[in-house]
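> Dumping the structure here so I can ask a few things about it.
The values are calculated or read from the model by the stated rules, or taken from the named source; none is laboratory data. All values reported here derive from a predicted model rather than from experimental measurement. Neighbour counts are summed over all protein chains in view; Cβ atoms, including those assigned to glycine, are modelled from backbone coordinates with ideal geometry.
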Amino acid sequence: MGIVQWDFLSRICLWTLVLYFFALYILTVISLFCFVKRVLDLKADGIVTKEGLYDLHSELSTHEKAVVSAIQSSDIVALKNAYPQFQEFNESHLKREEDVMMPSIKRMMTDKQPLKKYMCKEILPTVTGSPNWEFFIKYANEMLEKYHGGMPRARVFDHALWAAATPEEWKVWNVWIKETLSEKTYSELKDVLP
């Protein structure tokens, strides 16, 4: 096999692995956020449906399928075109979800709705038993620490996990978090936990 052929094949293999792990992460996020959205729709006057957040996932799926198709057909040119489009749309859809969901959650907190109960009883159980849960926690921490935007995103995420976890769950999750975060960020997390 020539060097050019091997280079092409190695790139396809690498992209396939990257997308496999990315797909595991996305499936966990989608599962989690589907239930967050469902709870918000039920508890926050149908805000998710009214704001069209469910519809965004149909369009996102189109972009995901283009990336998968390019990989399956070993078409680097198609992949170079499809992935940036997917990435741009995915980031804009996540921003839109955040813009709608965070004010709703803040209002629910102000109204003293039992958010911890919703998270612990209705949302987290849908994903914590998944074989992808460890990967999700580690990948989320890695990305939130790396792309912090000047905010303590990893610490806030992990503090929320701690608040929702049973003591037994936290013992396991904490190990994954410690393995993933830098010593500095992990120390900042420990400083805010009792």
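> Scan the stretch 176-183 and give yes if some residue there is outside any helix (DSSP H, G or I), loosely packed, with under 14 Cβ neighbours inside 10 Å and modelled with pLDDT under 90, otherwise no.
no
> Keeping to the stretch 177-194, report how many residues are within 19 Å of the chain's Cα centre (by Cα) and under 24 Å from K117 (Cα atoms).
Looking only at that region, the number is 1.
> Considering the stretch 140-172 alone, what residues qualify as being more than 19 Å from E98 (Cα to Cα) and either hydroxyl-bearing (S, T, Y) or touching a Phe, Trp or Tyr at 6+ places or on another chain (Cβ under 8 Å) (or both)?
W162, A165, T166, W170
> Would you pick out the residues in the stretch 137-154 that are among the aliphatic types (A, V, I, L, M), at pLDDT 85 or above and farther than 9 Å from I177 by Cα? Full working, then the answer.
The initial filter retains those residues of the stretch 137-154 that are among the aliphatic types (A, V, I, L, M), namely 137, 140, 143-144, 151, 154.
Those still in the list that are at pLDDT 85 or above too: 137, 154.
Across the stretch 137-154, the qualifying residue is only A154.
> If you don't mind, there's one more thing I want to ask. Looking at E169, E134, can you tell me which residue is modelled with pLDDT of 90 or more and in contact with a helix residue (DSSP H, G or I) (Cβ under 9 Å, 6 or more places away or on another chain)? Break it down into steps so the answer makes sense when it comes.
Working: E134 fails: modelled with pLDDT of 90 or more.
The match here is E169.
> W162 versus (1) farther than 27 Å from K50 by Cβ; (2) part of a loop (DSSP other than H, G, I, E, B): which is the lone unmet condition?
(2)
> Right, something else. Output yes when any residue across the stretch 97-109 is more than 22 Å from L56 (Cβ to Cβ) and either exposed (fewer than 12 other Cβ atoms within 10 Å of the Cβ) or not assigned by TED's automatic domain parsing to the domain that holds S61 (or both), and no when none is.
Our first condition is that a residue be more than 22 Å from L56 (Cβ to Cβ); within the stretch 97-109, this holds for 109.
Applying the additional criterion that residues be either exposed (fewer than 12 other Cβ atoms within 10 Å of the Cβ) or not assigned by TED's automatic domain parsing to the domain that holds S61 (or both) yields 109.
Yes, the stretch 97-109 contains at least one residue that is more than 22 Å from L56 (Cβ to Cβ) and either exposed (fewer than 12 other Cβ atoms within 10 Å of the Cβ) or not assigned by TED's automatic domain parsing to the domain that holds S61 (or both).
> From A82, A78, grab the single residue that is of a type in the set (A, V, I, L, M), modelled with pLDDT of 85 or more and closer than 23 Å to M143 by Cα. Can you show your working first?
Values: A78 fails: closer than 23 Å to M143 by Cα.
That would be A82, the only listed residue that is of a type in the set (A, V, I, L, M), modelled with pLDDT of 85 or more and closer than 23 Å to M143 by Cα.
> Also, I was wondering about something else. Here are K146, K117, K190: which of them is in the same structural domain as D41 (by TED's automatic domain parsing), more than 23 Å from L53 (Cα to Cα) and not small (G, A, S)? First the steps, then the outcome.
Working: K146 fails: in the same structural domain as D41 (by TED's automatic domain parsing); K190 fails: in the same structural domain as D41 (by TED's automatic domain parsing).
Answer to the selection: K117.
> Follow-up. Checking A154 against (1) under 14 Å from the mean Cα position of the chain (by Cα); (2) surrounded by 18 or more Cβ atoms within 10 Å (Cβ to Cβ); (3) without any contact (Cβ under 8 Å) to a residue 12 or more places away in the chain, only one condition comes out false. Which one?
(3)
> Picking from K146, K116, which residue would you name as being free of Cβ contacts under 8 Å to residues at least 40 places away in the same chain and either at positive phi or exposed (fewer than 15 other Cβ atoms within 10 Å of the Cβ) (or both)? Break it down into steps so the answer makes sense when it comes.
Values: K116 fails: free of Cβ contacts under 8 Å to residues at least 40 places away in the same chain.
Checking each option against the conditions leaves just K146.
> Follow-up question, since we're still on this one. Only one of these is touching a residue at least 12 places away in the same chain (Cβ under 8 Å) and assigned by TED's automatic domain parsing to the domain that holds A66: H159, H93. Name it.
On the way: H159 fails: assigned by TED's automatic domain parsing to the domain that holds A66.
Every option except H93 fails the conditions.
> Taking the condition of being more than 12 Å from N90 (Cα to Cα), hydrophobic (A, V, I, L, M, F, W, C) and either modelled with pLDDT under 80 or under 18 Å from the mean Cα position of the chain (by Cα) (or both), how many residues in the stretch 46-67 meet it? Before the answer, list the steps.
Here is the first cut: in the stretch 46-67, the residues more than 12 Å from N90 (Cα to Cα) are 46-55, 65-67.
Subsequent filtering for residues that are hydrophobic (A, V, I, L, M, F, W, C) retains 47-48, 53, 66-67.
Next, from what is left, pick out any that are either modelled with pLDDT under 80 or under 18 Å from the mean Cα position of the chain (by Cα) (or both): 47-48, 53.
Adding up the residues that qualify gives 3.
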